[in-house]
Amino acid sequence: MKPDEPAWTPPPRDDRQPPAELRRIFRLFRPYRGRLAVVGLLVGASSLVSVASPFLLREILDTAIPQGRTGLLSLLALGMILTAVMTSVFGVVQTLISTTVGQRVMHDLRTAVYTQLQRMPLAFFTRTRTGEVQSRIASDIGGMQATVTSTATSLVSNLTAVIATVVAMLALDWRLTVVSLLLLPVFVWISRRVGRERKKITTQRQKQMAAMAATVTESLSVSGILLGRTMGRSESLTRNFAEESERLVGLEVRSSMAGRWRMSTIGIVMAAMPAVIYWAAGMTLQSGATGVSLGTLVAFVSLQQGLFRPVVSLLSTGVQMQTSLALFQRIFEYLDLTVDITEPEKPVRLEKIRGEVAFEDVDFSYDEKSGPTLSGIDVTVPAGSSLAVVGPTGSGKSTLSYLVPRLYDVTGGRVTIDGVDVRELEFDTLARAVGVVSQETYLFHASVADNLRFAKPDATDEEIEAAARAAQIHDHIAALPEGYDTLVGERGYRFSGGEKQRLAIARTILRDPPVLILDEATSALDTHTEHAVQSAIDALSEGRTTLTIAHRLSTVRGADQIIVLDAGRTAERGTHEELLAQGGRYAALIRRDTHLAPAATP
């Protein structure tokens, strides 16, 4: 993170707008509305078939058995069996379709978030912990799985079942139905209270999970392990993780138990309802009112007990949706992030890129609140020539190099390639035009060949070997037990710093860009390794426009032009000999590096 870059924090949420969030969630299912319509038909058919069984039972008890009609009894019994079979078949097909739709929506969400993050500017990632990003994609989206894959279907299924069951109960006896539904509004109120409570706790829990994931990512990487052990902080890191985990334990328990007693009360009341129904039926007979037949009573209780499951499921679904809403909001925070660097609507096409790079009165600042990092930079690098940028730490050298491939956009002036503003070029054109070799080489946990092919996926084995030879790394690769198929290890830790740099150079050679940026590519290497890597860099730079960001000035003496940055401004400009003769900042930097007397000639 740059020292003047503030940490990224999510925008404030308006928790008073759940309908808008719900509408947005429902829109996720819009591409699959055809399949969901089929699910709806299956749900309706299943509900109608399932409520038929109690009516068949009533006929068995009130007609078939008392009248000794065995044929009718057999037919009604067969009907009850068929309703059970049909309900099961409908349920299996419904589950298959709804699960498929849910998983497709999960896939769409994951892909949308990943795509959005790929479009975010570099500043976002320098301000955000890696574990936080990983937690949003893995934990938050994973936590939504049950809701996305089953809740929507469960909502429709249970709502349809409740409506069908209540209609059937009314058809049997409206008085008993009123008794059964008397407490339903209270249950709905309780479930809404529980849902809001769990939503708040879920938001806290996911933040804590993200913090713990960030701790794991940072401390259990190869760099984190090395730092912890060499600094004697392994036990301290373990204690910190234990504290993070302990906080999560409390939140998980609170999340699990939030409203548990209230929801259990609903379950107890619903389970006791058959006894209430029997009591109400008995009181009806005692009062001399029209009685309820045995078949009707048994059928009604059967329906009432059948109502218990969908009602409780509906209430639980409401709670679950409130809980999942917190997860959706965290994902929507990422999807709603502003993408500052976008492709032009009408891009300029460069058929053949010569490689002339120009900075025209360039200003840049990382944040509106911070001061300018670069001011009034004006320099042109002719195609095929070289520019070296030197200066003290924090003078803006690396920032200047970030502006060419549009890792950041200028806040004033413009950067051009062959006279075209880089903001008017497609990203693919920029990536084809500009190659970057930085101090921190990143290698994937894959084979050497796969890491090199990342620059050119269709590269042949011969092209890969030629690039490795040019980067002076082929002999080392060939000596490995599995050659180019050798796994490089996490972040390339099987290779030394110089070897990783030469792999990065080989990767860039394979891409063959006309503009090359070397961002302190040898500053972390020893003198012997630097010499080997510099030879590879010289081969890579041949015939290309080269911008070298240098800490060690021994690498820039042959540059066609050199600029010295100080506090983001151009302090000096010229060739090595011209700047040395001026005896200014560059000469002072040379003396610092070479320990020469002021009058000495390098």
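Descriptive notes on the structure:
- Inside the range 416-425, residues that are under 22 Å from residue 118 (Cβ atoms) and either among the hydrophobic types (A, V, I, L, M, F, W, C) or in contact with a helix residue (DSSP H, G or I) (Cβ under 9 Å, 6 or more places away or on another chain) (or both) make up a count of 2.
- Of all residues in the range 531-556, those being basic (Lys, Arg) and within 19 Å of residue 398 (Cα to Cα) number 1.
- Condition met for residue 91 (farther than 20 Å from residue 172 by Cα and either in a loop (DSSP other than H, G, I, E, B) or of a type in the set (D, E, K, R) (or both)): no
- Looking across the range 533-583, just one residue is polar (S, T, N, Q), under 24 Å from residue 418 (Cα atoms) and assigned to a helix (DSSP H, G or I), and that is 541.
- Sole exception among (1) farther than 30 Å from residue 495 by Cα; (2) surrounded by 15 or more Cβ atoms within 10 Å (Cβ to Cβ); (3) at pLDDT below 75 for residue 186, by number: (2)
- Selection from the range 347-376 of residues that are closer than 22 Å to residue 121 by Cβ and exposed (fewer than 12 other Cβ atoms within 10 Å of the Cβ): 368, 369, 371
- Pair list, Cβ < 6 Å and 6+ apart or interchain, from the range 370-397 residues that are under 12 Å from residue 549 (Cα atoms) to residues that are charged (D, E, K, R) and outside any loop (DSSP other than H, G, I, E, B): 389/397; 391/397; 391/566; 395/566
- Of all the listed residues (332, 328), the sole one being modelled with pLDDT of 85 or more, in the same structural domain as residue 154 (by the TED database) and either buried (at least 20 other Cβ atoms within 10 Å of the Cβ) or not in a loop (DSSP other than H, G, I, E, B) (or both) is 332.
- When the range 132-146 is filtered for residues that are crowded, with 21+ Cβ neighbours inside 10 Å and of a type in the set (Asp, Glu), only 140 remains.
- Any pair with Cβ under 6 angstrom, 6 or more apart, that starts in the range 327-348 at a residue that is under 17 Å from residue 143 (Cα atoms) and ends at one that is among the hydrophobic types (A, V, I, L, M, F, W, C): 327/144; 328/25; 334/113
For (1) over 22 Å from residue 576 (Cα atoms); (2) surrounded by 21 or more Cβ atoms within 10 Å (Cβ to Cβ); (3) touching a Lys or Arg at 6+ places or on another chain (Cβ under 8 Å), each residue gets a yes or a no:
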| residue | (1), (2), (3) |
| --- | --- |
| 378 | no, no, no |
| 385 | no, no, no |
| 389 | no, yes, yes |
| 393 | no, no, no |
| 404 | yes, yes, no |
| 407 | yes, no, no |
| 413 | yes, no, no |
| 418 | yes, no, yes |
| 421 | yes, no, yes |
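The values are calculated or read from the model by the stated rules, or taken from the named source; none is laboratory data. Because the structure is a prediction, the values reported are computed rather than measured. Reconstructed Cβ throughout: ideal geometry from the backbone, glycine too, with neighbour counts over all protein chains shown.
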